[in-house]
Amino acid sequence: MVIVAGQIFIDATQRARYLANCVGVVEQARRAPGCLDFSLSADLIDPTRINIFERWETQEAVNAFRGSGPSEEQDAAMLAASVAEYDVADIRSLT
């Protein structure tokens, strides 16, 4: 399993618009082969931060979906980003 997690930072006045423009990407990701979860969400404390969380069955599934990455418009809106991929070897359910 691969987890992609981190945050991107957007001008606070543009965050709601940015997230609204990402609805289609989230819908597409959740339908993609190998996607177990995909979420972009507004941070509850920092008005410039968008949290990213993705779970994928394999690295190949991530690569197939990712393609060329964010659109030019999305990339231009990002002030900063800190996102990483994690290879997960074991899972323990907490519920």
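Values in this text are rule-based calculations from the coordinates and carry no lab data. These numbers come from a predicted model, not from an experiment. Every residue, glycine among them, receives a Cβ derived from its backbone with ideal geometry; neighbour counts consider all protein chains shown.
Per-structure values
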{"item": "Leading residue by the ranking (farthest from Ile91 (Cα to Cα)) among those in the range 12-61 that are among the β-branched types (Val, Ile, Thr) and out of contact with any Cys (no Cβ under 9 Å at 6 or more places or on another chain)", "result": "Thr13"}
{"item": "Among the candidates Arg17, Arg66, Arg30, residue that is over 19 Å from Ala77 (Cβ atoms), without any contact (Cβ under 8 Å) to a residue 24 or more places away in the chain and out of contact with any Leu (no Cβ under 6 Å at 6 or more places or on another chain)", "result": "Arg30"}
{"item": "Residue within the range 73-81 that is within 15 Å of the chain's Cα centre (by Cα) and polar (S, T, N, Q) present", "result": "yes"}
